[in-house]
Amino acid sequence: MSTESKVRAVTTSRLKQMKEQGEKISMITSYDYTMASIVDGAGIDIILVGDSAANVMAGHKTTLPITLDQMIYHASSVVRGVERAFVVCDMPFGTYQGDPLTALNSAVRIMKESGSDGVKLEGGEEIIDPVKKIICAGIPVMGHLGLTPQSVHQLGGYSVQAKEEAAAEKLIADAKLLEEAGCFAVVLEKIPATLAKRVSEALTIPTIGIGAGAATDGQVLVVHDMLGMNKGFSPKFLRRYANLHDIMTEAVEHYIADVKSCDFPNENEQY
Ligand code: KIV
């Protein structure tokens, strides 16, 4: 168990300053030590230990099955690889939507046992009491509005959210509530770009978009998606910066061929 906490170079006040100065915030997910050290070394501002670990690490269809213990395992592995970035850990489904004290206990476990810098919760008005309780304990909270994957069964899928004006107004009101409660930032997932612009202009805290257009104060992508490791997932908002699926497949095929042909190992690769 890691109980050691240290203040990293990117802090909540630095993130707010970046919004004020018009400097875009870069955020990416990671779930393990090696990936976290690579993205931190590249200079990312925020690392999200997303509950998307349920999908990309464990192969589940939704984010619902991942547990608090599993999130703490992923987050503590990430934290050991990070020097500079601000590390946020998702609170998994079922660990915060009920009474505020249970939410606080879950958040405290994440902070104590993983060494994360903050937590992320999905939802607006309906989770505002848990959000306030966690913030009162001195834990930085990031909100998450729009497409909230933990509610996929209620939403009926992963489609673009808040397209109608009434839903857009509710999302703006939720974003303001989260800001008033003391959240340091809000993720806006899969909403119209015009709405994301309205929210970003209405808030003094940074907005981080995924599938929410260019006007948010920062952007987030799932690292496996942006590195092209997941061929089957290609939503409109995703830009692939590498094709690691093919590069890795070719490398493994090459290795298999070398083993089969007795080319590997050669005399320089043995003792
Ligand atoms: O779990 C996750 O990866 C996320 C991002 C998509 C924002 O919540």
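What is the calculated FRET efficiency for I247 to E83, with r their C-beta to C-beta distance and R₀ = 25 Å, to the nearest 0.05?
Calculated value: 0.40.
For the pairs K133/K176; K16/K176; K19/K236, note any where the Cα-Cα span goes beyond 24 Å.
Exceeds cut-off: K19/K236.
Cross-link candidates for K61: which aspartates and glutamates have Cα within less than 13 Å, leaving aside residues fewer than 8 places away along the same chain?
D51
First check a/c for region 12-240, with a ≥ b ≥ c the square roots of the eigenvalues of its C-alpha gyration tensor; if it is under 1.5, answer rounded, and if not, answer prolate when a/b is larger than b/c or oblate otherwise.
rounded
If I compute solvent accessible area with a 1.4 Å probe over the protein chains, what percent of it on the chain is carbon and sulfur?
Accessible surface attributable to carbon and sulfur in the chain totals 55 percent.
For T102, tell me the accessible area in Å² from a 1.4 Å probe, rounded to the nearest 10.
Around 70 Å² of this residue is reachable by solvent.
First measure r as the distance between the Cβ atoms of N105 and D129, then evaluate 1/(1 + (r/R0)^6) with R0 = 22 Å and state the FRET efficiency to the nearest 0.05.
Taking R0 as 22 Å, the efficiency between N105 and D129 is 0.95.
Take every DSSP beta bridge whose two residues both sit in the chain, then give the antiparallel share in percent to the nearest 5.
Counting DSSP beta bridges with both partners in the chain, the antiparallel share is about 5 percent.
Computed over the Cα atoms, what is the radius of gyration of region 157-271 divided by 2.2 N^0.38 Å, N being its residue count?
The reported ratio for this selection is 1.66.
Based on Cβ point charges of +1 for Lys and Arg and -1 for Asp and Glu, what charge dipole magnitude is obtained for region 80-146 about its Cα centre, in debye rounded to the nearest 20?
280 debye
Would you tally the net charge around N243, using a Cβ to Cβ cut-off of less than 14 Å, leaving N243 out, and scoring K and R as +1, D and E as -1?
Taking every other residue near N243 into account, the sum is 0.
Between K231 and V152, what FRET efficiency comes out of the Förster formula 1/(1 + (r/R0)^6) with R0 = 25 Å and r the beta carbon distance, rounded to 0.05?
0.70
About the Cα centre of region 156-271, what is the dipole size in debye to 20, counting +1 per Lys and Arg Cβ and -1 per Asp and Glu Cβ, all else neutral?
The calculated dipole for region 156-271 is roughly 580 debye.
Compute the normalised compactness of region 42-95: alpha-carbon radius of gyration over 2.2 N^0.38 Å, N being the residue count.
1.14
Can you give the accessible area per residue of the chain, in Å², using a 1.4 Å probe?
With the other protein chains kept in place, the chain gives 50 Å² per residue.
Counting only other residues whose beta carbon sits under 9 Å from that of T216, what net charge do I get with K and R as +1, D and E as -1?
Net charge in that neighbourhood comes out at +1.
The values are calculated or read from the model by the stated rules, or taken from the named source; none is laboratory data. Keep in mind that what you see is a predicted model, and the values were worked out from it rather than measured. In this analysis, Cβ positions are derived from the backbone assuming ideal geometry, glycine residues included, and neighbour counts consider all displayed protein chains. Just so you know, the surface numbers come from the protein's heavy atoms only, side chains and all, with ligands and any DNA or RNA stripped out. Shrake-Rupley method; radii C 1.70, N 1.55, O 1.52, S 1.80 Å.
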